[in-house]
Amino acid sequence: MDKKKLSAVMEDTREILREHPLCDNCLGRMFAGKLGVVSHKRIGSKIRNMLKQRPPKTCYICKNMMSNLDSTLKKMIEMAKEYQFSTFLIGAILQPSIHDRDDVIRSKFKLRGITSIKSDITREMGKSFSRKTRAKVDYQNPDLVFTIDFKKEYYEIKPKAILLQARYTKNVRGLPQKQKSCDQCEGKGCFVCNFHGIREFESVEGKIAKFLIEKFGAQQAKVTWIGSEDESSLVTGNGRPFFVKLVNPHKRGIPLSKKIDLEGISVHGMRTITKIPSDPVRFRTNVSMEIEAENEIMPDTLKELTRLKGRHVVLYENSGRKHKKTIYSIKFKIESDKSFRIMMESDGGLPLKRFVAGQEVEPSISEILETNCMCKLFDFNKITVTK
Ligand SMILES: [Zn+2]
Ligand SMILES: [Zn+2]
């Protein structure tokens, strides 16, 4: 250590301590940068020993908070017990008066480039917590974030959400895709729904949510769908893609099987991802539709449907907006005089029942066949993400 610098520091210290008693941490912090040392406490205590001074009863700046961080550490370890994590970050909120007193010393004694007491606390806490738990501090993307409010003596722990991607196939009819939100909280989470945001688990969403909530000890599973289907629809082939955000997970790094069977649905290829796409995902669907016509239809008339191949279908929305969807291929199969089946590949998001009936859709199956048609059932055979 530079002797010249140290003796200058000793002079300054003598002057500061004459008016303001400081603990080793706060004292060391004032000069650590200047002397190029890392440990505030150690250098503080060294300077004090050289000056042959005793530690003060109460530190002017922190009122002994720095030397009483053990209880905070204990509390943090206790809170973190129920979570799996390998990285963390600590944030602190201090009494404004601590910052004020810190500023008084800095300006009175013209001290520059000093670590703030807040950074010092979070750094010290981080080091101790890391030693106890073997987890590492991560500023970018920590598994756990602690907020310690010294002002209100309030501690908060927030685990990072887990993001997942997968596909599901649905092998039974009569299972709705989406789950109704809890009517008490509208999905936010309350005591009534045990903070899950949903109260029942009788849907594709419910089954996936229940599985993941249990598996990861999560509070909520928020699903983002790529397209939608009817309660009566089957989803076969490669399945429908979806994303899940698991809120407040207690466990992480759980191994997931390639195929997970959940009574009526199977989840395929579930894996964690770093981001759920914010832009709409473009996709194509291969569907099979069962259609009934009001009047008898001649096979030759049905052939007219093949004209739709390669054409745009325009959807007119109530909002006044228009959407275009392309039909890539279309085939039909006669079932009876008044019923037939269509196998079709089109852009995703084409409302199939409206397309058949001709509600604000141009052209439509009913329009081409010149009779009112109704889609009784539609199944998804393949869903392809195109972007
Ligand atoms: Zn102090
Ligand atoms: Zn609720």
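Kindly establish whether VAL281 is in contact (Cβ under 8 Å) with a residue 12 or more places away in the chain, part of a loop (DSSP other than H, G, I, E, B) and within 22 Å of LEU164 (Cα to Cα).
Against the criterion (in contact (Cβ under 8 Å) with a residue 12 or more places away in the chain, part of a loop (DSSP other than H, G, I, E, B) and within 22 Å of LEU164 (Cα to Cα)), VAL281 qualifies.
Only one of ASP12, ASP103 is in a helix (DSSP H, G or I) and either more than 40 Å from the chain's Cα centre (by Cα) or not assigned by TED's automatic domain parsing to the domain that holds LYS132 (or both); which?
Just one listed residue meets the conditions, ASP12.
Any idea how many residues of the stretch 233-259 are part of a loop (DSSP other than H, G, I, E, B) and more than 18 Å from GLY348 (Cα to Cα)?
Initial filter on the stretch 233-259 (part of a loop (DSSP other than H, G, I, E, B)): 233-234, 248-258.
Remaining after also requiring more than 18 Å from GLY348 (Cα to Cα): 248-258.
Within the stretch 233-259, residues that are part of a loop (DSSP other than H, G, I, E, B) and more than 18 Å from GLY348 (Cα to Cα) number 11.
Out of (1) surrounded by fewer than 17 Cβ atoms within 10 Å (Cβ to Cβ); (2) in contact with a helix residue (DSSP H, G or I) (Cβ under 8 Å, 6 or more places away or on another chain), the odd one out for CYS190 is which?
(2) is the only condition that CYS190 fails.
Being surrounded by fewer than 17 Cβ atoms within 10 Å (Cβ to Cβ), more than 10 Å from ligand 1 (Cβ to nearest atom), under 17 Å from LEU111 (Cα atoms) and of a type in the set (A, V, I, L, M) is the requirement here; does VAL37 meet it?
Here the answer is yes, as VAL37 does meet what is asked.
Listed residues LYS152, LYS132, LYS178; which is assigned by TED's automatic domain parsing to the domain that holds ILE265 and either within 26 Å of ALA32 (Cβ to Cβ) or out of contact with any strand residue (DSSP E or B) (no Cβ under 6 Å at 6 or more places or on another chain) (or both)?
LYS178
Determine which single condition MET76 fails, assuming it passes every other condition in (1) within 16 Å of ligand 1 (Cβ to nearest atom); (2) in contact with a helix residue (DSSP H, G or I) (Cβ under 8 Å, 6 or more places away or on another chain); (3) modelled with pLDDT of 90 or more; (4) in a helix (DSSP H, G or I).
Among (1) within 16 Å of ligand 1 (Cβ to nearest atom); (2) in contact with a helix residue (DSSP H, G or I) (Cβ under 8 Å, 6 or more places away or on another chain); (3) modelled with pLDDT of 90 or more; (4) in a helix (DSSP H, G or I), MET76 violates only (1).
With respect to ARG112, is the statement that it is exposed (fewer than 14 other Cβ atoms within 10 Å of the Cβ) and touching a helix residue (DSSP H, G or I) at 6+ places or on another chain (Cβ under 8 Å) true?
So ARG112 passes the test.
Quick check on the stretch 195-211: of everything there that is among the hydrophobic types (A, V, I, L, M, F, W, C) and within 16 Å of ligand 2 (Cβ to nearest atom), which residue is nearest to VAL267 (Cα to Cα)?
So, considering only residues that are among the hydrophobic types (A, V, I, L, M, F, W, C) and within 16 Å of ligand 2 (Cβ to nearest atom), the one nearest to VAL267 (Cα to Cα) is ALA209.
Pick from the stretch 41-73 the residues that are part of a helix (DSSP H, G or I) and charged (D, E, K, R): which of them is nearest to ligand 2 (Cβ to nearest atom)?
Only one residue tops the list, namely ASP70.
Per-residue answers, yes or no, for (1) surrounded by fewer than 19 Cβ atoms within 10 Å (Cβ to Cβ); (2) more than 20 Å from GLU156 (Cβ to Cβ):
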{"site": "PRO56", "(1), (2)": "yes, yes"}
{"site": "ASN64", "(1), (2)": "yes, yes"}
{"site": "LYS75", "(1), (2)": "yes, no"}
{"site": "PHE85", "(1), (2)": "no, no"}
{"site": "LEU89", "(1), (2)": "no, no"}
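Residues are listed down the side, and each one gets a yes or a no for (1) of a type in the set (D, E, K, R); (2) assigned by TED's automatic domain parsing to the domain that holds CYS375:
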site	(1), (2)
ARG240	yes, no
GLY253	no, no
SER257	no, no
VAL287	no, yes
GLU290	yes, yes
THR301	no, yes
LYS309	yes, yes
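Given (1) surrounded by 18 or more Cβ atoms within 10 Å (Cβ to Cβ); (2) over 35 Å from the mean Cα position of the chain (by Cα); (3) not in a strand (DSSP E or B), identify the lone condition not met by MET289.
It fails just one condition, (3).
The values are calculated or read from the model by the stated rules, or taken from the named source; none is laboratory data. Fair warning: this is a prediction, and the values are worked out from it, not measured in the lab. Ideal geometry is used to build each Cβ from the backbone, glycine not excepted, and the neighbour counts take in all protein chains shown.
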